[in-house]
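The values are calculated or read from the model by the stated rules, or taken from the named source; none is laboratory data. Values in this document were obtained by computation on a predicted structure and should not be read as measured data. Note that we place each Cβ from the backbone using ideal geometry, even for glycine, and neighbour counts take in every protein chain shown. Heavy atoms of the whole protein, side chains included, go into the accessibility calculation; ligands, DNA and RNA do not. Shrake-Rupley method; radii C 1.70, N 1.55, O 1.52, S 1.80 Å.
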Amino acid sequence: MHGEPVLLVIAHGSRDPRHAATVHALVERVRPLRPGLRVETGFLDFNVPSVRGVLESLAAQGVRDVVALPLLLTRAFHAKADIPAVLRDAPPRLRVRQADVLGPSRLLLSALERRLYEAGLSPADKSSTGVVLASAGSTDPEAIAVIADIAREWWRTGWCAVRPAFASAALPRTEDAVRQLRALGCERVAVAPYVLAPGFLPDRIARGAAGADVLADVLGAAPEVARVLLDRYDAARAPLRALRRA
């Protein structure tokens, strides 16, 4: 079977049904952006189909090339260990290339702003609003440093201040960052969850945002996120195309 590599979106999975529903909604937004591209979804845990099951099914159907795209915002444990381990066990007839994670990306900053505006802010509010960039958190120092870098970059676009916060494994927590922005003198405080889908940690972020003026929704199926998925797919498929021509 020839043609472009299949795009396999790999999500973590969750006991919370909102997680899988959001992942599927995002994948549905990708499909019309690239007609003819086959897009499949697999989960590492909790949900079906499993990544291993999808790979076996693709191999049985005669698929040769797959781009496996981690539905992750930072290169932490899942991107560095879990997903490569699963992909190493793929059927030998498959050529699988792991794409890069979604973040950081200017498109994701645009999606964060979209969510804040949908929650009630306007561009005119930027200079007087402090924003908490609230991520799930990680024990990986590289991932934590990336969130801090994104906060600095976003602040340079005109917000009163931007502070990173984490729902687990690192500090500060969302509620602490909200208090920091209040103390800084920002006229209003908004919390922007830098997470892709609802679940346990996003709910913790929401509870920590109780003292804020605005709480944005998760990134979810924002059109900018769908475009990032295709950007990462395109970057990863180029070596596969070169191999096929060799």
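Principal-axis analysis of the Cα atoms of the chain puts helix 141-155 at an angle of about 60° to the longest axis.
Magnitude of the charge dipole for the chain, about its Cα centre and with charges confined to Cβ atoms of Lys, Arg (+1) and Asp, Glu (-1), is about 640 debye.
If you plug the beta carbon distance of Val48 and Ala210 into 1/(1 + (r/R0)^6) with R0 = 35 Å, you get a FRET efficiency near 0.50.
These residues, Glu56, Glu187, go from largest to smallest accessible area, 1.4 Å probe, as Glu187, Glu56. Taking the Cα centre of the stretch 104-208 as origin and assigning +1 to Lys and Arg Cβ atoms and -1 to Asp and Glu Cβ atoms, the resulting dipole is close to 200 debye.
Comparing Val228, Thr174, Ala210 along the charge dipole axis of the stretch 157-246, the residue lying farthest to the positive side is Val228, per the Cβ-charge model.
Does anyone have the angle between helix 106-118 and the longest principal axis of the chain? Alpha-carbon axes, 0 to 90°, nearest 10? Value to nearest ten degrees: 50.
In the assembled protein chains, Tyr117 presents an accessible area of approximately 70 Å² (probe radius 1.4 Å). Spin-label model, Arg88 to Asp234: label points 7 Å out along the Cα-to-beta-carbon direction sit 3.3 nm apart.
Using just its DSSP H runs of length 4 or more, each adding -39500 (n - 2.57), the chain gives a mean residue ellipticity at 222 nm of -13000 deg cm²/dmol after division by all residues.
A simple spin-label model places the labels of Asp176 and Glu28 4.0 nm from each other, with each point 7 Å out along Cα-to-Cβ. When only the Cβ of Lys, Arg, Asp and Glu is charged (+1, +1, -1, -1), the dipole of the stretch 56-114 relative to its Cα centre reaches about 180 debye. Centroid-to-centroid, using Cα positions, the stretch 33-92 and the stretch 208-229 are 25 Å apart. A 1.4 Å probe run over the chain, with the rest of the protein chains in place, finds 45 Å² accessible per residue. A straight chain from Lys80 to Lys126 at 0.36 nm per residue would run longer than the Cα-Cα distance by 13.0 nm. Relative to the longest principal axis of the Cα atoms of the chain, the long axis of helix 223-245 lies at roughly 30 degrees. The Ala60 and Phe200 beta-carbon pair, evaluated with R₀ = 41 Å, returns a calculated FRET efficiency of approximately 0.75. Taking 7 Å steps out from each Cα toward its Cβ at Ala119 and Arg152 produces label points 2.4 nm apart.
Value of Rg to Rh for the chain, rounded to two decimals, is 1.01; Kirkwood radius and Rg both from alpha-carbon coordinates.
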